[in-house]
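Laboratory data are not the source of any read-out in this text; all were calculated from the coordinates shown. Predicted model, so just to flag it, every value in this text is computed and none were measured. Note that we place each Cβ from the backbone using ideal geometry, even for glycine, and neighbour counts take in every protein chain shown.
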Amino acid sequence: MFHSYLRHYEKGWEYINKALLVEKENDLPHSSLRAMILHEMLCGKKENARELIEKYRDDPAIHTRAFEYLVRMIIARDDEEFFRAWSEYVSSPYTLLREEILYLFTDQIFRVDKGKLEEELNKWDSFYTSEMTKLSLLYVLLAKLRYYELIRNELKYNMTKLRLMKLIKQLGIEDDFREFLDEDLEPQVDNILTGYEIIETLEILRSLDQRVNLDEFLRIFSNIIISIFRTQSVFISVTDKRVNLSSTIDFLPQNKQTNIVKLDPLEVGISGSIDEYSEYIIYLAGNFSIKKESEVEEFWNKLTLLDELFSNQLKGIIYRERAMRDSLTGLYNRCRFTQILKEYLEEPQVKLKQKEISVFMADIDDFKKINDNYGHMKGDEVLRNVAKILQEEVEGFGIVARYGGEEFVGVLEAEKNKCLEVCENIRRRLEMASESIFGFRVTLSFGISSSLERSTITEILGLADQRLYKAKEMGKNRVCIE
Ligand code: GH3
Ligand code: MG
């Protein structure tokens, strides 16, 4: 597909055609047909694409779900038909072909759905900028450039063009996208060349979604460090004792100090804190040296700026995390849980009951007795440990939160039977391990419900709660699913 994105018409055509022939000879599904149609479109040959669609209109290969929308947009006879295909696509769960469609149909989308066009352009710009998916970003920027041309915003147009030029150079595809390399803007580009990395950093930080979580933030920031300092190894770790939060990117090489800066070869370890509860360590190393005086000064400037940017952003993220979490266990609190569950339930496929979301409620059995017999401190320790087990077992399937007192709640992106399996694992693990952890037995009861049984948050949680009650009635230490 690379040929298509670089618009090498002949080469791409030859390549895809060969693949198509092989598929035909061997009676395989014609997936290359999709590549062929997209290729014609990306190379600006819409008529050829239409002819292909006409010729193969009954071939199931062109009616796969995300591609079907593209086909409908290509053959739309008027704006109305186009709008229908576009709006169904944009509200569908498919993320395939997003940048291609934005690029191919900028003008049409602009005519029929201007507001949504801008929203989508910004959304995918942010996404691919922070993911550093450069070829996809290229196509979003091409579409954005056209958009600013259409709304006649010269400033934004030039800014986008600068980003585009830089990206084209980074990808080394100047020959293929020469028409976007603007001679007039060139001198400015040279002037800000040394500030490139900083601009890139600011762009990435600007594009960070307001809801980015700590793990994502660290991953993005380690990418920033690599691109600014061109280092081979980066380690970042953050811990917050207020809500028992910790996150790490990579592992700190053994026996490495923090609070050091060596320039020959490069090795930096910075430790800092947000407040008394929260600490971070950034470590980076490269197998090269910084020697020249001018380089040394630039290096220190960058490092200082980087540290400031990092701690400022981190502060925002930590404070937001704290507001969403329960301070005893570090789990999400009830408020955040309800938000997340709402997001899950609003997914189109879930609403259409094509996808199942399961919810469980869990309550520690006879917790009052634990408090009475061993004291509140021990009770708190039990809560923290049970939370940890819940978190570990639910990881990868969904999230778990502290709903109140000794009650927990979780949502899993899975069917009820899977949820039952996860809950059973938790129940058994606690039953077996509690004696050795606490010195006495601790058990949990569960109630499970799912989005196929009820639709609203209140109903789904209500049903899980009823079943939890039933599990208690039936003698506790069990999972009830109906
Ligand atoms: P059941 O098996 O029916 O659930 O009985 P239970 O004793 O677990 O339930 P009950 O609702 O009677 O008691 C819950 C107790 O949990 C009462 C409350 O003092 C205690 N609790 C709630 N929050 C906390 C907390 O944060 N720390 C501690 N140590 N105890 C808590
Ligand atoms: Mg209880």
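Against the empirical curve 2.2 N^0.38 Å, the C-alpha radius of gyration of the chain lands at a ratio of 1.20. The C-alpha atoms of the chain define a longest principal axis, and helix 154-171 lies at about 90 degrees to it. Per residue, the average separation of C-alpha pairs within less than 8 Å and at least 6 apart gives the stretch 197-324 a relative contact order of 22 percent. Ignoring aspartates and glutamates fewer than eight residues from K144 along the same chain, the ones with Cα atoms less than 14 angstrom from its Cα are E99, E100, D107, E118, E119, E120, D125, E154.
Each residue of the stretch 334-480 gets 95 Å³ once the volume of the Cα convex hull is shared out per residue. Summary value for the stretch 37-86: 26 percent relative contact order, contacts being C-alpha pairs under 8 angstrom separated by 6+ residues.
Counting only lysines at least 8 places from K11 when in the same chain, those with an alpha carbon closer than 24 Å to its own are K24, K45, K46, K55, K134, K169. Computed from label points 7 Å out along Cα-Cβ, the spacing between E347 and E279 is 3.8 nm.
The charge dipole of the chain, taken about the Cα centre with unit charges on the Cβ atoms of Lys, Arg (+1) and Asp, Glu (-1), comes to about 1160 debye, rounded to the nearest 20. For the stretch 320-419, the tally of Lys pairs with Cα-Cα distances below 13 Å comes to 4, considering only residues 8 or more apart or on different chains. The simple spin-label model puts a point 7 Å past each Cα toward its Cβ; for D307 and T64 those points are separated by 5.0 nm.
The stretch 197-324 has equivalent-ellipsoid semi-axes of 25, 17, 12 Å, by the square roots of 5 times the alpha carbon gyration tensor eigenvalues, sorted largest first. Applying 0.36 nm per residue to the separation of D380 and K46 and subtracting their alpha-carbon distance, the gain on full extension is 113.6 nm. Highest average first, the peptides 93-99, 289-295, 218-224 ordered by how many other beta carbon atoms sit within 10 Å of their residues are 218-224, 93-99, 289-295. One Cα centroid belongs to the stretch 84-99, the other to the stretch 378-446; the line between them spans 38 Å.
A helix-only calculation puts the chain at -19000 deg cm²/dmol for mean residue ellipticity at 222 nm, using -39500 (n - 2.57) for each DSSP H run of at least four residues, averaged over all residues. Working from Cα pairs under 8 Å separated by at least six residues, relative contact order for the chain is 8 percent.
Placing unit charges on the Cβ atoms of the charged side chains and taking the dipole of the chain about its Cα centre, the candidate lying farthest along the positive direction among L412, L117, S233 is L412. Computed from Cα atoms alone, the Kirkwood hydrodynamic radius reported for the stretch 2-195 is 17.9 Å. Farthest towards the positive end of the charge dipole of the chain, among the residues S271, L306, H39, is the Cα of S271, using unit charges on the Cβ of Lys, Arg, Asp and Glu. Multiplying each eigenvalue of the alpha-carbon gyration tensor of the stretch 250-367 by 5 and taking the square root yields semi-axes of 44, 19, 15 Å, largest first, rounded to whole angstroms.
Using only side-chain charges placed at the Cβ, +1 for Lys and Arg and -1 for Asp and Glu, the dipole size of the stretch 197-324 relative to its Cα centre rounds to 260 debye. Applying 1/(1 + (r/R0)^6) with r as the Cβ-Cβ distance of E293 and L162 and R0 = 30 angstrom yields a FRET efficiency of 0.50.
Between V22 and N417, full extension at 0.36 nm per residue minus the direct alpha carbon distance yields a gain of 138.0 nm.
Think of each Lys and Arg Cβ as +1 and each Asp and Glu Cβ as -1; about the Cα centre, that makes the dipole of the stretch 2-195 roughly 300 debye.
Relative to the longest principal axis of the Cα atoms of the chain, helix 9-25 runs at roughly 60 degrees.
Compared with the dominant Cα axis of the chain, that is its longest principal axis, helix 293-324 is turned about 50°. Over the stretch 50-154, the ratio between the Cα radius of gyration and 2.2 N^0.38 Å evaluates to 1.09. Of N223, Y280, V261, which is farthest on the positive side of the dipole of the stretch 197-324, counting Cα position, with +1 on Lys and Arg Cβ, -1 on Asp and Glu Cβ, and the Cα centre as origin? So the residue furthest toward the plus end is Y280.
First measure r as the distance between the Cβ atoms of D107 and E10, then evaluate 1/(1 + (r/R0)^6) with R0 = 22 Å and state the FRET efficiency to the nearest 0.05. For R0 = 22 Å, the calculated efficiency reads 0.25.
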